[in-house]
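K.L.:
Would you mind keeping the following structure in view while I ask a few things?
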Amino acid sequence: MTLGSNVAVRLVMLGPPGAGKGTQAARFARTHGLPKISTGDILRDAVQAGSEMGRAAREVMDAGRLVGDDIMIGIVRERLERPDADAGFVLDGFPRTVAQAQALDGLVDDSAPLVIVDIEVPTDTLVKRLAGRRICGSCGLGAPPGATGCPKCGSALVQRVDDNEHVVRERLQVYERSTQPIVEFYGRRHTFRSIDGDQTEDSVAADLAAAVASALGARR
Ligand code: AMP
């Protein structure tokens, strides 16, 4: 399925931690030549670099809570101003609050709509997935289940500090409280779609592509 080369795709991926947002966002972005903007990655880079923002965000992230709206909106505003976002983008991990969602509407012009896709996965599956998730200790790449080293650089795999079971449950609760209202915020739009994330990666990718095409078709 193709989307037509002149259609700017501005995709917002919603879904709880562990739903596969990051993986699917990366795949979709690669296929369509769009920048993937992941606020979690931007924050982790800042933590790694030891910047002032990174130092402030670290404690909040390690506890599984949300970094403040003003900081997050500032990060995304700056990123969307970069020229590579002109032709479209895939947002992963933002917005996470209704205030962020309202701010995002103000950050984009009306030349192309936001397409919002919510990936739904049952809670038990999420806890299992997150507790088993491993990333590269050196480059941060997510590793497929059963991998013994980083598929890209071969370094040892580690668990994300916020993927231990206690923090996972906190993150899922934070999602319910803060992020679920976003699904209601966007739910009335013609460009909102839900897809089933409890399938193979390829099936979710196919459903995502179909959902985006249908959302863009629906507005014409
Ligand atoms: P993620 O990789 O998307 O699961 O994000 C990891 C952590 O970064 C989250 O648990 C939050 O602490 C923080 N974070 C990422 N994106 C946001 C956001 N849009 N608003 C607030 N906090 C965020």
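K.L.:
Once the Cα atoms of the stretch 49-163 are picked out, what are the Rg and Dmax in Å?
P.N.:
Over the stretch 49-163's Cα set, Rg and Dmax evaluate to 16.9, 46 Å.
K.L.:
DSSP loop GluC sites (Glu not before Pro) in the stretch 1-81 with at most 14 other Cβ atoms within 10 Å of their Cβ, which ones?
P.N.:
Filter output for the stretch 1-81: Glu81.
K.L.:
Normalised by the residues of the stretch 135-191, what does the relative contact order come to in percent, with Cα pairs under 8 Å and at least six apart?
P.N.:
23 percent
K.L.:
Select from Gly142, Ala49, Gly217 the residue farthest towards the positive end of the dipole of the chain; place +1 on Cβ of Lys and Arg, -1 on Cβ of Asp and Glu, and compute about the Cα centre.
P.N.:
Positive-most Cα among the choices belongs to Gly142.
K.L.:
Here is a follow-up. Report relative contact order for the stretch 87-220 in percent, whole number only (criteria: Cα-Cα under 8 Å, sequence separation at least 6).
P.N.:
31 percent
K.L.:
How large is the convex hull of the Cα atoms of the chain per residue, expressed in Å³ as a whole number?
P.N.:
Spelled out: Cα convex hull of the chain, divided by residues, is 124 Å³.
K.L.:
Could you point to the residue in Met61, Val98, Val115 farthest towards the positive end of the stretch 37-135's charge dipole, with +1 and -1 charges on the Cβ of Lys/Arg and Asp/Glu respectively?
P.N.:
About the Cα centre, the residue reaching furthest to the positive side is Met61.
K.L.:
For the chain, with a Gaussian network of springs between Cα atoms less than 10 Å apart, report the residue from Gly50, Gly187, Gly64 with the top mean-square fluctuation.
P.N.:
Greatest mean-square fluctuation among the candidates belongs to Gly50.
K.L.:
Can I ask one more? Report the charge-dipole magnitude of the chain in Debye, nearest 20, computed about the Cα centre from +1 at each Lys and Arg Cβ and -1 at each Asp and Glu Cβ. Let's see the in-between values first.
P.N.:
On the way: 27 positive and 29 negative charges, 60 e Å.
Using Cβ point charges on Lys, Arg, Asp and Glu, the chain gives about 280 debye.
K.L.:
How big is the charge dipole of the stretch 162-210 about its Cα centre, in debye rounded to the nearest 20, if each Lys and Arg gets +1 on its Cβ and each Asp and Glu gets -1 on its Cβ?
P.N.:
On the way: 6 positive and 11 negative charges, 94 e Å.
In debye, rounded to 20, the stretch 162-210 gives about 440.
Any read-out appearing in this document is the output of simple, stated calculations on the displayed coordinates, not a laboratory observation. Model, not experiment: these values are computed from the prediction. Virtual Cβ from ideal backbone geometry, glycine too; neighbours counted across all protein chains shown.
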